Amino acid sequence: MGKQSNEMWGGRFASGPDAIMEAINASIDFDKRLYREDIAGSTAHVAMLADRGVVSQEDAAEIRRGLEAILAEIEGGTFTFSRQREDIHMNVEARLAELIGPAAGRLHTARSRNDQVALDFRLHVRSAFDDLDRALRAFQDALLARAEEHADTVMPGFTHLQAAQPVTFGHHCLAYVEMAARDRSRAQDARRRMNESPLGAAALAGTGFPIDRHQVAEALGFAGPTRNSLDSVSDRDYAIEFLSVAAITATHLSRLAEEIVIWSTPQFDFVRLSDAFSTGSSIMPQKKNPDAAELVRAKTGRINGSLVALLTVMKGLPLSYSKDMQEDKEQVFDAIDNLALALSAMTGMVRDLQVNAAKMRAAAGAGFSTATDLADWLVRELGLPFREAHHVTGRAVAMAEERRTALEDLPLEALRELDARIGEAVYGVLSVDASVRSRTSFGGTAPDNVRGQVRFWRERLGAEG
């Protein structure tokens, strides 16, 4: 049994337990991504230490010079990351010692890797919220352009994926503008809530050095410092909230992706994707596959998985810091990257979509989609109770089915068999164009409403600057 175990580990961990511990403990392979945040935090920290007289101004200047050199090395691709130094903090600190000597050791005064990583990760997530907000704004702009272009383009509206009532494609696009607005609101709200600096909480209990946490917080663009040292180093709510926002946003993108997949089938033929967002088949030359939309749809599961993973990591941790929290970053980094890619792809698809207005219009009129308009007309013009109007309309639909014609093509004599008071005016509501024009209630699909909502959103987004 022992031999089998050794063989099992041997190829990967030839040097035994030390190699295993290094592999499970080191985070540099992924947290090197935090180098900018780590150096920014250290720069603000040492400036404060010097101002408070904890370190000399001369040592602080040397440390700043060294940190700037390290930043240039990393961005220039000449920095060597070492797994033996575990994480980004120790890699930077070790290189700093090589560059400036013993003064480097003063940088870690009045802080711990616990509050240091909490700071770095907060800064990174804060930037991710800002990037997400900008990407969602671009998505809204693309949708608004298509909404304005297709304010009059009639298409079937669906419930249960069955044709229900006519709407316009512009109105459909505006539904996703609303979803993106809620996503942005959640992101902005979460960003405000997490915009506090944990640096100075040290390992878990604060520090006896005369530091100024407010100065560091201000230098790094935070609203202020966190108020409890235990919570400061153990809080990962901001990461969970980012993943929550990401999961909801990805779900919205996935819904649109699903619609694009359906609409682009030959059976629907409502839209056609450009070659930039499609692929062909290796054996079927007639195929044009909506791969970009399918991959956006798939990435939602991946992002949802990251949220569940981090919730599971955090659910049983006592205060304050535990090494389990090292598992937070890969989930968040993966979600940041994949959501950014999905949003870019979806924005590009929306901009490039070719809309088959004729096919949409034909489908909008199928299935007696203006039946509700007839029922409403009977209530409004003839004073019928809605339930009776519903019954009369059902008989009209049955009559049209029997004659294999559309409601708007039924002769007036046939309609008068249902109610003798029906006159020529009824045909004003039976076409799909008349149907969408009649939906003038606030938030309805009438083309003038769509254009009004486009103006509203452009003004609102324009006010953001």
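The values are calculated or read from the model by the stated rules, or taken from the named source; none is laboratory data. Fair warning: this is a prediction, and the values are worked out from it, not measured in the lab. Note that each Cβ is placed from the backbone with ideal geometry, even for glycine, and that neighbours are counted across all protein chains shown. We work out accessible area using only protein heavy atoms, side chains counted, and drop any ligands, DNA or RNA first. Shrake-Rupley method; radii C 1.70, N 1.55, O 1.52, S 1.80 Å.
Out of region 189-215, which residues are surrounded by 23 or more Cβ atoms within 10 Å (Cβ to Cβ), under 31 Å from the mean Cα position of the chain (by Cα) and aliphatic (A, V, I, L, M)?
Passing the criteria: only L199.
Checking T78 against (1) in contact with a Lys or Arg (Cβ under 8 Å, 6 or more places away or on another chain); (2) more than 25 Å from I211 (Cα to Cα), which single condition isn't satisfied?
For T78, the exception is condition (1).
For region 75-97, indicate whether the set of residues that are aliphatic (A, V, I, L, M) and at positive phi is non-empty.
no
Go through region 209-220 and give me each residue that's out of contact with any Gly (no Cβ under 6 Å at 6 or more places or on another chain) and either basic (K, R) or free of Cβ contacts under 8 Å to residues at least 60 places away in the same chain (or both).
H214, E218
Find all pairs meeting these conditions: Cβ atoms under 7 angstrom apart; at least six residues apart or on different chains; first residue within region 62-83 and closer than 27 Å to E22 by Cβ and open to solvent by less than 20 Å² (accessible area, probe 1.4 Å); second residue part of a helix (DSSP H, G or I) and charged (D, E, K, R).
I70/R95
Of the residues T347, T440, T372, only one is hydroxyl-bearing (S, T, Y) and either surrounded by 19 or more Cβ atoms within 10 Å (Cβ to Cβ) or farther than 27 Å from T168 by Cα (or both); which?
Unique residue meeting the criteria: T347.
For region 428-445, state whether one or more residues are touching a residue at least 60 places away in the same chain (Cβ under 8 Å), touching a Gly at 6+ places or on another chain (Cβ under 7 Å) and more than 14 Å from L374 (Cβ to Cβ).
No, region 428-445 has no match at all.
What's the number of the condition S431 fails, among (1) surrounded by 15 or more Cβ atoms within 10 Å (Cβ to Cβ); (2) among the small types (G, A, S); (3) under 17 Å from A389 (Cα atoms)?
Tallying (1) surrounded by 15 or more Cβ atoms within 10 Å (Cβ to Cβ); (2) among the small types (G, A, S); (3) under 17 Å from A389 (Cα atoms), S431 fails exactly one: (3).
Given the options E381, E424, E401, name the one that is in contact (Cβ under 8 Å) with a residue 40 or more places away in the chain and open to solvent by 60 Å² or more (accessible area, probe 1.4 Å).
Residue meeting the stated conditions: E381.
Looking at region 364-375, can you tell me whether even one residue there is part of a helix (DSSP H, G or I) and at positive phi?
Scanning region 364-375 turns up at least one residue that is part of a helix (DSSP H, G or I) and at positive phi.
Which residues, counting only those in region 26-61, are among the polar types (S, T, N, Q) and open to solvent by less than 30 Å² (accessible area, probe 1.4 Å)? First the steps, then the outcome.
Taking region 26-61 first, the residues among the polar types (S, T, N, Q) are 27, 42-43, 56-57.
Residues satisfying the conditions are S27, S42.
So which residues in region 71-103 are in contact with a helix residue (DSSP H, G or I) (Cβ under 6 Å, 6 or more places away or on another chain) and either assigned by the TED database to the domain that holds F121 or more than 23 Å from N25 (Cβ to Cβ) (or both)?
If the condition is that a residue be in contact with a helix residue (DSSP H, G or I) (Cβ under 6 Å, 6 or more places away or on another chain) and either assigned by the TED database to the domain that holds F121 or more than 23 Å from N25 (Cβ to Cβ) (or both), then L71, L99, I100, A103 are the ones that fit.
All but one of (1) open to solvent by 40 Å² or more (accessible area, probe 1.4 Å); (2) over 22 Å from K32 (Cα atoms); (3) touching a Gly at 6+ places or on another chain (Cβ under 6 Å) hold for P102, so report the exception by its number.
P102 satisfies every listed condition except (3).
Return the pair list, or none, for Cβ contacts closer than 9 Å from residues in region 173-186 that are at positive phi to residues that are among the hydroxyl-bearing types (S, T, Y) and open to solvent by less than 10 Å² (accessible area, probe 1.4 Å), at least 6 apart or on different chains.
none
Do the conditions hold for R186, that is, is it open to solvent by 50 Å² or more (accessible area, probe 1.4 Å), out of contact with any Asp or Glu (no Cβ under 9 Å at 6 or more places or on another chain) and not hydroxyl-bearing (S, T, Y)?
no
Give L123, L119, L144 a once-over and let me know the one that is surrounded by 16 or more Cβ atoms within 10 Å (Cβ to Cβ), under 19 Å from V454 (Cα atoms) and in the same structural domain as S234 (by the TED database).
L144 is the lone residue from the list that is surrounded by 16 or more Cβ atoms within 10 Å (Cβ to Cβ), under 19 Å from V454 (Cα atoms) and in the same structural domain as S234 (by the TED database).
Condition test on S5, is it more than 23 Å from Q116 (Cα to Cα) and either hydroxyl-bearing (S, T, Y) or at pLDDT 95 or above (or both)?
Yes; evaluated as a whole, the condition is true for this residue.
Of everything in region 126-141 that's more than 16 Å from Y176 (Cβ to Cβ) and among the basic types (K, R), which residue is surrounded by the most Cβ atoms within 10 Å (Cβ to Cβ)?
Among them, the one singled out is R126.
Within the group D275, D235, which residue is among the acidic types (D, E) and either open to solvent by 50 Å² or more (accessible area, probe 1.4 Å) or in contact with a Phe, Trp or Tyr (Cβ under 9 Å, 6 or more places away or on another chain) (or both)?
On the way: D235 fails: either open to solvent by 50 Å² or more (accessible area, probe 1.4 Å) or in contact with a Phe, Trp or Tyr (Cβ under 9 Å, 6 or more places away or on another chain) (or both).
Matching residue, one of D275, D235: D275.
Looking at region 356-364, is at least one residue out of contact with any Gly (no Cβ under 8 Å at 6 or more places or on another chain), open to solvent by 50 Å² or more (accessible area, probe 1.4 Å) and in contact (Cβ under 8 Å) with a residue 40 or more places away in the chain?
Yes.
Could you check how many residues of region 135-161 are outside any helix (DSSP H, G or I) and in contact with a strand residue (DSSP E or B) (Cβ under 9 Å, 6 or more places away or on another chain)?
Going residue by residue through region 135-161, those that are outside any helix (DSSP H, G or I) are 150-161.
From what is left, the residues that are in contact with a strand residue (DSSP E or B) (Cβ under 9 Å, 6 or more places away or on another chain) are 150-159.
Summing the residues that are outside any helix (DSSP H, G or I) and in contact with a strand residue (DSSP E or B) (Cβ under 9 Å, 6 or more places away or on another chain) in region 135-161 gives 10.
Going through R146, R137 one at a time, which residue ends up being within 30 Å of P447 (Cβ to Cβ) and touching a Cys at 6+ places or on another chain (Cβ under 6 Å)?
Numbers: R137 fails: touching a Cys at 6+ places or on another chain (Cβ under 6 Å).
None of the others qualify; the one that does is R146.
Here are the criteria: (1) more than 12 Å from the chain's Cα centre (by Cα); (2) closer than 22 Å to Y238 by Cβ; (3) assigned to a helix (DSSP H, G or I). Tell me which single one R186 does not satisfy.
So R186 meets the others, but not (1).
Have a look at G348, G367 and point out the one that is in the same structural domain as L243 (by the TED database) and closer than 30 Å to G157 by Cβ.
Details: G367 fails: in the same structural domain as L243 (by the TED database).
So the residue among G348, G367 that is in the same structural domain as L243 (by the TED database) and closer than 30 Å to G157 by Cβ is G348.
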